Amino acid sequence: MYLLRCCWKPAQSKGQARGRTSEHHQQTVVTMGNCAESMSSYFCRPKNTNVRVSLPAVCFVWQIAMIILFGVFIRYDEESDARLWIEHKNDRNITSDIENDFYFRYPSFQDVHVMIFVGFGFLMTFLKRYSFGGVGFNFLIASFGLQWALLMQGWFHSLDLTTGKISIGVESLINADFCCAGSLIAYGALLGRVSPVQLMVVTLFGITLFAVEEYIILDLLHCRDAGGSMVIHAFGGYYGLAISWVLYRPNLHQSKRLNGSVYHSDVFAMIGTLFLWMFWPSFNSAITDHGDGQHRAAINTYLALASCVLTTVAISSMSQKRGKLDMVHIQNATLAGGVAMGTAAEFMITPYGSLIVGFCCGIISTFGYLFITPFLEKSLKLQDTCGVHNLHAMPGMLGGFIGAIVAAAADETVYSREGLVNVFDFEGDFANRSPGTQGGFQAAGTCVSIAFGLVGGAIVGLILRFPVWGDPADDNCFDDEVYWEVPEDEETIPPVLEYNNHMIHKHQDISESNFSVDQS
């Protein structure tokens with residue numbers, strides 16, 4: 001009845017109808033214009049970077065929530081609980097504590113932990129005035145993320161339905177660090193352009209999406225992805241790129257003076273690169289099966305990384321007229337081999353196959369920095385501060401498909417029947433799955449990770465567009481002073497004699513000295 005009443009109008013003349021229609025149209029246009037103007041003024045109002053209330057509120061509230069949730073759900077597993085470990089040893093006739101999984105997994109956990117906090121953190125210090133933010137915010141979101149990851153992964157993978165509890169051990173800590181890596185990769189795409197409150201939101205949703213897509217890929221599709229080419233790198237890369245695309249800043253050129261590096265910032269970033277490069281074999285082998293699988297994953301990653309360095313240096317040198325190397329390429333593209341080897345690391349890809357993967361990824365990643373990143377920014381309006389598309393997203397996608405090809409080509413003459421069962425876990429509901437079918441599911445898993453990253457990132461980006469998060473203005477990005485107490489720079493004393501002629505162009509603001517030395 002209400003709809004009929006709203007739609008029914010009394011009969012009127014054609015002139016009256018035309019006049020009222022025109023008047024109604026004008027009112028509609030004015031109303032829509034006012035709405036658009038109010039929305040525009042709301043989303044485009046001046047930035048307020050004061051996070052004195054919002055940042056402490058988010059940190060306190062979310063940490064208290066973690067304490068409560070851990071109290072309700074989290075317990076030690078049988079290898080870290082005092083009573084359960086004794087019972088476990090007695091049930092399995094274990095005579096030595098050295099057989100506790102801690103002693104197998106903790107060295108790898110240490111390496112992965114260093115990668116997350118030191119490797120990723122220092123890799124982001126290349127900007128001339130954003131080193132505090134690169135390391136400090138990496139520290140913040142990883143510390144929150146690992147707690148939320150233990151809960152999210154526990155609910156999906158290890159929740160005991162009879163007790164309602166989640167049991168955690170050293171392998172849970174490794175998986176939590178892996179989960180954080182996806183959000184840290186996304187941070188690389190947004191570096192210098194978002195507030196710490198926004199980064200906490202990115203991490204909250206990133207960890208949640210990661211746990212869901214990991215459950216779909218590893219449990220439902222039964223894919224193998226020990227080093228996370230799919231679930232970590234492809235997801236994290238496209239998640240960050242999608243957020244960055246939604247948060248596009250057309251006037252970011254106003255901060256162009258700070259969107260670059262200086263000599264010492266590139267040195268610090270190279271420290272992060274070296275930590276990541278050295279420990280990547282541990283990253284890819286940390287949660288593989290004890291024995292040949294873990295051994296093989298470390299060897300394959302080791303070789304792919306080494307091969308990647310040489311091709312990166314070659315392409316970087318070829319791209320410059322005088323053959324000089326670009327530190328951006330050396331810091332990032334040299335790691336692409338480790339990313340791409342993540343899925344196939346535990347497979348029988350052969351040592352020379354690992355070298356081929358590293359060789360190709362060094363070329364592809366370096367070309368990405370040379371051509372794809374400028375194209376993405378110019379044509380697709382996608383700003384990628386760290387170039388995560390070239391280091392994580394594209395190599396991660398390639399790694400997923402490489403794993404699919406190697407899995408589909410597996411046969412008993414290479415693996416043996418028992419080897420196929422061990423490597424691909426062909427047991428239980430998946431006992432009758434063939435290597436060809438496994439390869440198809442591996443490819444499907446890669447597509448799932450990309451879809452979760454793009455769709456989830458676009459939604460999170462829309463949430464972050466609301467002007468309540470304290471993000472910097474376009475002319476104030478890439479600067480630590482927005483969110484950090486920065487000490488005053490030391491007084492710089494210009495050189496008296498310019499012995500090295502390469503200083504002439506780099507210090508044009510310094511007048512050349514007329515000092516001369518008379519010969520006696």
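The values are calculated or read from the model by the stated rules, or taken from the named source; none is laboratory data. Note that the coordinates shown come from a computational prediction; the quantities given were computed from them, not determined experimentally. Cβ placement follows ideal geometry from the backbone for every residue including glycine, while neighbour counts extend to all protein chains displayed. Areas reflect the complete protein model, heavy atoms only, side chains present, ligands, DNA and RNA absent. Shrake-Rupley method; radii C 1.70, N 1.55, O 1.52, S 1.80 Å.
When you check residue 510 against the structure, is it open to solvent by 50 Å² or more (accessible area, probe 1.4 Å), over 30 Å from residue 223 (Cα atoms) and either at pLDDT below 95 or part of a helix (DSSP H, G or I) (or both), yes or no? Let's see the steps before the verdict.
Values: open to solvent by 50 Å² or more (accessible area, probe 1.4 Å): no; over 30 Å from residue 223 (Cα atoms): yes; either at pLDDT below 95 or part of a helix (DSSP H, G or I) (or both): yes.
Answer is no for this residue.
Identify, by number, the condition in (1) touching a residue at least 40 places away in the same chain (Cβ under 8 Å); (2) closer than 28 Å to residue 161 by Cβ; (3) of a type outside the set (S, T, N, Q) that residue 111 doesn't meet.
Condition (2) is where residue 111 drops out.
For a quick check of your reading of the model, give me the residue pairs whose first member lies in the stretch 143-161 and is touching a residue at least 24 places away in the same chain (Cβ under 8 Å), whose second is surrounded by fewer than 23 Cβ atoms within 10 Å (Cβ to Cβ) and among the aromatic types (Phe, Trp, Tyr), with beta-carbon atoms closer than 6 Å and at least 6 apart or on different chains.
Sorted first by the residue in the stretch 143-161, then by its partner, the pairs are 156/215.
Checking the structure you have, find out if any residue of the stretch 84-102 is under 28 Å from residue 387 (Cβ atoms), touching a Ser or Thr at 6+ places or on another chain (Cβ under 8 Å) and either surrounded by fewer than 22 Cβ atoms within 10 Å (Cβ to Cβ) or without any contact (Cβ under 8 Å) to a residue 12 or more places away in the chain (or both). Let's see the steps before the verdict.
Let us first name the residues in the stretch 84-102 that are under 28 Å from residue 387 (Cβ atoms), namely none.
Checking the stretch 84-102: not a single residue is under 28 Å from residue 387 (Cβ atoms), touching a Ser or Thr at 6+ places or on another chain (Cβ under 8 Å) and either surrounded by fewer than 22 Cβ atoms within 10 Å (Cβ to Cβ) or without any contact (Cβ under 8 Å) to a residue 12 or more places away in the chain (or both).
Answer yes or no: is there a residue in the stretch 442-459 that is free of Cβ contacts under 8 Å to residues at least 60 places away in the same chain and in contact with a helix residue (DSSP H, G or I) (Cβ under 6 Å, 6 or more places away or on another chain).
Looking through the stretch 442-459, at least one residue is free of Cβ contacts under 8 Å to residues at least 60 places away in the same chain and in contact with a helix residue (DSSP H, G or I) (Cβ under 6 Å, 6 or more places away or on another chain).
Of everything in the stretch 146-177 that's more than 17 Å from residue 73 (Cβ to Cβ) and open to solvent by less than 10 Å² (accessible area, probe 1.4 Å), which residue is farthest from the chain's Cα centre (by Cα)?
We begin by selecting, within the stretch 146-177, every residue more than 17 Å from residue 73 (Cβ to Cβ); these are 170-171, 174, 177.
Filter once more, so that each one left must be open to solvent by less than 10 Å² (accessible area, probe 1.4 Å): 174, 177.
Working: 174: 16, 177: 12 Å.
So the residue we want is 174.
Are any of the residues in the stretch 444-467 over 30 Å from residue 250 (Cβ atoms), part of a loop (DSSP other than H, G, I, E, B) and of a type in the set (Gly, Ala, Ser)?
For the stretch 444-467, residues over 30 Å from residue 250 (Cβ atoms), part of a loop (DSSP other than H, G, I, E, B) and of a type in the set (Gly, Ala, Ser): absent.
Pick from 90, 48: which is among the polar types (S, T, N, Q), over 26 Å from the mean Cα position of the chain (by Cα) and in a helix (DSSP H, G or I)?
On the way: 48 fails: in a helix (DSSP H, G or I).
Of 90, 48, the one residue that is among the polar types (S, T, N, Q), over 26 Å from the mean Cα position of the chain (by Cα) and in a helix (DSSP H, G or I) is 90.
Taking helices (runs of 4 or more DSSP H) that do not extend beyond the stretch 235-319, which have at least 1 residues that are open to solvent by 40 Å² or more (accessible area, probe 1.4 Å) and under 26 Å from residue 190 (Cβ atoms)? Let's see the steps before the verdict.
On the way: elements: 235-246, 263-285, 292-318.
Per the criteria, 235-246, 263-285.
Here is a list: 105, 129, 75, 83. Which entry is in a strand (DSSP E or B) and at negative phi? Step through it out loud before you land on a result.
Numbers: 105 fails: in a strand (DSSP E or B); 129 fails: in a strand (DSSP E or B); 83 fails: in a strand (DSSP E or B).
When all the criteria are applied, what remains is 75.
Could you tell me whether any residue of the stretch 331-349 is on the phi > 0 side of the Ramachandran plot, in a loop (DSSP other than H, G, I, E, B) and open to solvent by 10 Å² or more (accessible area, probe 1.4 Å)? Explain how you work it out, then say what you get.
Step one: filter the stretch 331-349 for residues on the phi > 0 side of the Ramachandran plot, giving none.
Checking the stretch 331-349: not a single residue is on the phi > 0 side of the Ramachandran plot, in a loop (DSSP other than H, G, I, E, B) and open to solvent by 10 Å² or more (accessible area, probe 1.4 Å).
Looking at (1) open to solvent by less than 70 Å² (accessible area, probe 1.4 Å); (2) in contact with a helix residue (DSSP H, G or I) (Cβ under 7 Å, 6 or more places away or on another chain), find the lone condition where residue 427 falls short.
It is condition (1) that residue 427 fails.
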